[in-house]
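Encoded as structure tokens, the structure appears first; notes follow it.
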Amino acid sequence: MSTESLTLDAGLETVLELVESVVGEAFGLAEQIGAATAAVFDLQPAVRRADLGGVRELVQPALEAPAGLIQGAGFVAAIDALDDAQWWLEWFMLSNGVTERLIVDIDPRGENFYDYEALPWYDVPQRTGRRHITGPYVDYLCTDDYTLTFTVPVVVRDRFVGVAGADVRVFTFEKAILPCLRATHRKVAIVNDQGRIVLSNSARHVGGTLLRTPAPAYRIEDLPLSLVELSS
């Protein structure tokens, strides 16, 4: 990307509106989960796993909604944030149409221990205090598909207690956005803050690859995404 601004037309304006709608739904759910979880930590001096039951109540309707965008969502606790678990994922996914909690090995001594502390969807919100979009990447743990993960930091009285987030399959994102992107008749891509292509209407610029050539860009609202015009 470059400092040169992308000139918008009616077609690109429509793309922006669609992206903001889809991304807004994912971040909206993440922020609801984050607010509900923060309220629990704010009210209780010692939070236990059983106190996080409200997360499922928020997630389940979104997961089981007909033609819904969300494939997985929940809260991931900061290390030692909970009183009865050093590591914990209160994360739910849709499995054969049914909402199920994701089960992983959270024992650091375990052979298959899931060390999420260094993963971008957790690490970036923790370090920056800002919401983040991870992907596209293959999520072998939850969706077993190319995925975008939308996460927000959960902070209570200046204390980071974890992240809340939502997963959207790249296929679902493409289905919602790509027809409109193609209709612009301009070679453009949606790119995240790391310069990685989320979606494009160019066969030469595949989702998940890094955009290395500077190109005119337009920041999409306050999202960690930009609309970029491709050279070819």
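The values are calculated or read from the model by the stated rules, or taken from the named source; none is laboratory data. Bear in mind that the values here come from a model prediction, so they are computed numbers and not experimental data. Reconstructed Cβ throughout: ideal geometry from the backbone, glycine too, with neighbour counts over all protein chains shown. Note: areas computed on protein heavy atoms with side chains; ligands, DNA, RNA excluded. Shrake-Rupley method; radii C 1.70, N 1.55, O 1.52, S 1.80 Å.
Cβ-Cβ contacts under 6 Å between residues 6 or more apart (or on different chains), taken from a first residue in the range 1-17 that is open to solvent by 50 Å² or more (accessible area, probe 1.4 Å) to a second residue that is modelled with pLDDT of 85 or more, are listed as Met1/Ala217; Met1/Val228; Thr14/Cys180.
Counting only residues that are closer than 21 Å to Met93 by Cα and open to solvent by 20 Å² or more (accessible area, probe 1.4 Å), the range 173-186 holds 3 of them.
Of the residues making up the range 160-172, not a single one is within 28 Å of Tyr218 (Cβ to Cβ), in contact with a helix residue (DSSP H, G or I) (Cβ under 8 Å, 6 or more places away or on another chain) and surrounded by fewer than 23 Cβ atoms within 10 Å (Cβ to Cβ). Exactly one residue out of Gln71, Gln32 is polar (S, T, N, Q), within 18 Å of the chain's Cα centre (by Cα) and open to solvent by less than 50 Å² (accessible area, probe 1.4 Å), and it is Gln71. Say whether the condition of being of a type in the set (S, T, N, Q) and under 22 Å from Ala36 (Cβ atoms) is met by at least one residue in the range 141-150. Yes, some residue in the range 141-150 is of a type in the set (S, T, N, Q) and under 22 Å from Ala36 (Cβ atoms).
Regarding Glu20, is this residue farther than 18 Å from Val163 by Cα and over 20 Å from the mean Cα position of the chain (by Cα)? For Glu20, the condition - farther than 18 Å from Val163 by Cα and over 20 Å from the mean Cα position of the chain (by Cα) - is not met. Comparison of Val76, Val22, Val98 shows that the only residue that is surrounded by 12 or more Cβ atoms within 10 Å (Cβ to Cβ) and modelled with pLDDT under 95 is Val22.
Is it fair to say Asp123 is free of Cβ contacts under 8 Å to residues at least 40 places away in the same chain, buried (at least 16 other Cβ atoms within 10 Å of the Cβ) and of a type in the set (Asp, Glu)? So Asp123 fits the description; yes. Note on the range 1-57: residues that are more than 30 Å from Asp84 (Cβ to Cβ) and β-branched (Val, Ile, Thr) total 7. Filter the range 127-142 down to residues that are outside any helix (DSSP H, G or I) and surrounded by fewer than 21 Cβ atoms within 10 Å (Cβ to Cβ), then give me how many there are. Looking only at that region, the number is 6.
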